[in-house]
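Engineer: Dropping the structure in here first, questions after.
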């Protein structure tokens with residue numbers, strides 16, 4: 001029986017992954033009107049080690065990603081907040097951003113569908129929401145302009161020491 005629950009949970013995660021992959025293209029083309037950054041992973045990896053941009057480059061490299069045009073900020077949230085790309089972390093990151101004041105149709109959809117399909121992580125989602133609410137607002141920044149800022153300084157400006165520990169982040 002326990003094996004069946006694991007299989008069903010994985011099927012629910014697979015459904016969310018499929019929805020993310022297919023909705024992302026549509027959302028970007030309909031709602032994102034700004035110019036893409038035109039920065040590559042290699043460009044980011046050439047920045048000095050303590051910078052936010054270098055950490056972003058490492059995140060992309062570790063996950064075998066490139067920046068997605070017009071939604072580059074999303075990967076910045078992952079790096080700033082320390083969330084992985086696992087399905088439950090993607091949803092928790094959206095909850096943290098909602099707590100921080102971010103509002104978008106995609107965020108609403110990700111939260112409603114994510115919590116509905118994967119309620120097993122509700123406590124984690126709620127904890128993420130509270131962390132976002134307690135943090136200084138970060139959802140509105142022009143992250144392209146922050147790529148050369150030391151990541152430790154950036155995190156210290158956003159999160160209290162308690163929140164950094166809560167997110168399993170050191171300042172650096």
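No value in this document is a laboratory result; all are computed from the given coordinates. These numbers come from a predicted model, not from an experiment. Note that we place each Cβ from the backbone using ideal geometry, even for glycine, and neighbour counts take in every protein chain shown.
Engineer: How far, in degrees from 0 to 90, does helix 52-62 lean away from the longest principal axis of the Cα atoms of the chain, to the nearest 10?
Structural biologist: 40
Engineer: Work out the FRET efficiency for residue 160 and residue 104 from their Cβ-Cβ distance, taking R0 = 35 Å, and round it to the nearest 0.05.
Structural biologist: 0.85
Engineer: Oh, and also: So what's the gap between the Cα centers of region 1-80 and region 100-130, to the nearest angstrom?
Structural biologist: Using only Cα atoms to place each centre, the spacing works out to 17 Å.
Engineer: Now a separate question. Compute the angle between helix 122-134 and the longest alpha-carbon principal axis of the chain, please, reported from 0 to 90 degrees and rounded to the nearest 10.
Structural biologist: Helix 122-134 sits at roughly 30 degrees to that axis.
Engineer: If you line up the long axis of helix 2-31 against the longest principal axis of the chain, both from Cα atoms, how many degrees apart are they, to the nearest 10?
Structural biologist: Orientation of helix 2-31: about 50 degrees from the principal axis.
Engineer: Among 77, 125, rank each residue by its count of other Cβ atoms within 10 Å, from fewest to most, as a rough exposure measure. If you can, show how the numbers build up before the last one.
Structural biologist: Working: 77 19, 125 23.
The order, fewest Cβ neighbours first, is 77, 125.
Engineer: Also, I was wondering about something else. May I ask you to derive the FRET efficiency for residue 144 and residue 7 from their Cβ-Cβ distance with R0 = 45 Å, giving the value to the nearest 0.05? Intermediate results must be reported in sequence, preceding the final value.
Structural biologist: On the way: r = 42 Å, r/R0 = 0.93.
Efficiency at R0 = 45 Å is approximately 0.60.
Engineer: Right, another one. Using per-residue counts of other Cβ atoms within 10 Å, averaged over each peptide, order 153-166, 86-99 from highest down. Show your work: numbers first, answer last.
Structural biologist: Numbers: 153-166: 15.8, 86-99: 21.9.
The peptides rank, most packed first, as 86-99, 153-166.
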